[in-house]
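One structure below.
The values are calculated or read from the model by the stated rules, or taken from the named source; none is laboratory data. In this text, all values refer to a predicted model and were calculated from it rather than measured experimentally. When we count neighbours, we look across all protein chains shown, and the Cβ atoms used for this are built from the backbone with ideal geometry, even at glycine.
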Amino acid sequence: MRNFVLAAALAGVALAGCGGKEAPQTDPAAQARSVRVIRVGPQQIAGALGASGGLVPREEAAVTPEVTGYRVARVLVEEGAYVRAGQPLAELDGALIAAQLDQQRALAAQAQVQADQAEREAARVAGLDGQGVLSQEQIDQRRFQARAARATAEAQAAALRDIQTRARKLSVTAPVAGLVLERAVRPGDLAAGGATPWFRIARGGEIELLAELSEDDLARVRPGQRATVTLPSGTAVDGQVRLVSPQVDTQTRLGTVRVRLPVRSDIRAGGFARAVFDDAQAQALAVPETAIRYDADGASVMVVSQDNRVRRVAVTTGARGGGMVALVKGPPAGSLVVQNAAAFLLDGDLVRPVEAAAAAPAPKAAAAAEKGQAR
């Protein structure tokens with residue numbers, strides 16, 4: 001019993017001692033979680049830029065007959081044929097023009113004889129002016145008749161050359177070498193003036209991609225740039241930008257880019273293809289891809305304020321490449337953003353920011369910085 005009382009007294013003393021000691025105070029800043037942050041700044045976004053469009057001939061030649069009123073006798077080529085410059089494509093029936101040609105040859109020969117005769121008559125009165133052998137009126141008349149006969153002979157000769165030219169044009173030939181894309185004529189058709197061409201030829205057989213891009217994306221493409229073009233069959237071919245449109249459509253705000261493609265049988269005009277420009281670049285305010293958080297409210301970043309508390313800021317993203325994402329809309333340049341969006345942080349959380357090494361500045365920005373330091 002005595003031992004029990006002693007043990008109880010000692011326990012009471014111990015409890016009294018514990019109750020009299022105050023709990024240690026904790027520093028909120030010391031308890032803050034360390035997070036890596038990065039500053040929003042201008043970066044060169046290098047990555048894949050895609051565009052799609054139709055396959056069109058680089059240069060198309062339309063072939064129509066140069067003479068009218070004659071029927072087609074033969075069509076010599078089909079669609080898909082490769083032709084050389086000057087090769088006959090179709091022939092017109094020359095029966096009518098053959099008769100005209102014979103008649104005009106006879107008229108031209110007759111006019112030449114009459115001109116020769118008149119010139120000889122005029123030559124006989126040379127030097128007889130004022131001698132009284134013939135009147136001056138008769139002498140002048142012979143000379144005028146000679147000139148008129150020569151003019152008539154030249155007119156008939158010109159008419160003969162015209163008919164000969166039209167006779168040669170009865171053979172409709174290719175103006176350029178290339179691939180026949182379309183044939184719209186049949187034997188028996190009448191050659192008549194119209195806007196519909198008989199043949200359409202892709203010069204050199206070259207087909208290229210006519211892609212449409214936005215005004216901003218046009219600035220990221222340049223002539224000579226390489227591109228990978230995917231054909232309708234799924235085959236990928238190497239292309240090269242040949243031409244970037246110098247203007248943008250005022251309604252659609254789109255411009256065009258022409259991509260040169262190799263000459264292949266599986267690249268057909270009228271098809272649809274897609275190009276990817278691997279080294280397209282653009283300068284913009286950007287953050288690492290890891291800094292973007294996606295949830296039901298859309299894309300956002302966690303910005304660290306001056307009091308080291310985080311707040312969610314909604315962003316609109318743009319081009320991507322090299323692990324960076326352009327911010328079309330978001331925090332201003334110089335803002336501190338949490339580098340890892342997967343970190344579990346809520347609005348108002350207190351953090352201890354540790355600034356990560358900044359990404360390499362864009363070439364233009366680096367040049368400007370060096371220039372400022374030189375000053």
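Structure above, values below:
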{"quantity": "Hey, Gln31 among the polar types (S, T, N, Q), surrounded by 15 or more Cβ atoms within 10 Å (Cβ to Cβ), more than 30 Å from Arg264 (Cα to Cα) and at pLDDT 60 or above or not", "calculated": "no"}
{"quantity": "The stretch 155-174: number of residues that are surrounded by 14 or more Cβ atoms within 10 Å (Cβ to Cβ) and either assigned to a loop (DSSP other than H, G, I, E, B) or free of Cβ contacts under 8 Å to residues at least 60 places away in the same chain (or both)", "calculated": "7"}
{"quantity": "Any hit, the stretch 135-144, residues being in a loop (DSSP other than H, G, I, E, B) and either loosely packed, with under 13 Cβ neighbours inside 10 Å or of a type in the set (Phe, Trp, Tyr) (or both)", "calculated": "yes"}
{"quantity": "Any chance Arg311 is in contact with a strand residue (DSSP E or B) (Cβ under 8 Å, 6 or more places away or on another chain) and either surrounded by fewer than 16 Cβ atoms within 10 Å (Cβ to Cβ) or within 16 Å of Ala32 (Cα to Cα) (or both)", "calculated": "yes"}
{"quantity": "Residue match in the stretch 61-71 (condition: surrounded by 15 or more Cβ atoms within 10 Å (Cβ to Cβ), at pLDDT below 95 and in contact with an Asp or Glu (Cβ under 8 Å, 6 or more places away or on another chain))", "calculated": "yes"}
{"quantity": "Residues of the stretch 65-114 classified as aliphatic (A, V, I, L, M) and either part of a helix (DSSP H, G or I) or touching a helix residue (DSSP H, G or I) at 6+ places or on another chain (Cβ under 8 Å) (or both), total", "calculated": "13"}
{"quantity": "Residue ranges of strands (runs of 3 or more DSSP E) in the stretch 236-309 with at least 2 members modelled with pLDDT under 90 and more than 27 Å from Leu210 (Cα to Cα)", "calculated": "272-288, 293-295"}
{"quantity": "Residues within the stretch 320-336 that are under 38 Å from the mean Cα position of the chain (by Cα) and in a strand (DSSP E or B), tallied", "calculated": "8"}
